[in-house]
Amino acid sequence: MKGRARLLTTADFDRLTDAMALPPLVSVQEAADGLGMTRQGVLKAIKGKVLPATRVGGTWVLQRSVVEGARARRGA
């Protein structure tokens, strides 16, 4: 099945995703609040690859641990 998408039933997808442990995620605004930055500042840091983030649909999310680590380094 190399190079082909895998089609799952809803039940199979739910079973697989329920078994995955996702890390706690925060929004750009929550990251900005936690870091003492503006929302635009966080977006700039994401685009500059200073803060790693993942795009989910049209929304950026960051792992809470990344934000906490950045806050500790900034002394915020």
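The values are calculated or read from the model by the stated rules, or taken from the named source; none is laboratory data. As the structure is a computational prediction, the values presented were derived from the model and not from experiment. Methodologically, a virtual Cβ is constructed for each residue, glycine included, from the backbone with ideal geometry; neighbour enumeration extends over all protein chains shown.
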Worksheet item: Within region 19-42, can you find the residues that are in a loop (DSSP other than H, G, I, E, B) and more than 12 Å from the chain's Cα centre (by Cα)?
Response: Met20, Ala21, Gly36, Met37, Thr38
Discussion item. I'm trying to understand the selection: among the residues of region 43-76, which are assigned to a helix (DSSP H, G or I), surrounded by 11 or more Cβ atoms within 10 Å (Cβ to Cβ) and among the aliphatic types (A, V, I, L, M)?
Written reply: Leu43, Ala45, Ile46, Val66, Val67, Ala70
Response to the item:
Of the residues in region 15-26, those that are over 28 Å from Val67 (Cβ atoms) and modelled with pLDDT under 80 come to none
Item to complete: Mind listing just one residue for me: the one in region 26-42 that is among the β-branched types (Val, Ile, Thr) and out of contact with any strand residue (DSSP E or B) (no Cβ under 6 Å at 6 or more places or on another chain) and, of those, surrounded by the most Cβ atoms within 10 Å (Cβ to Cβ)?
Response: Val42
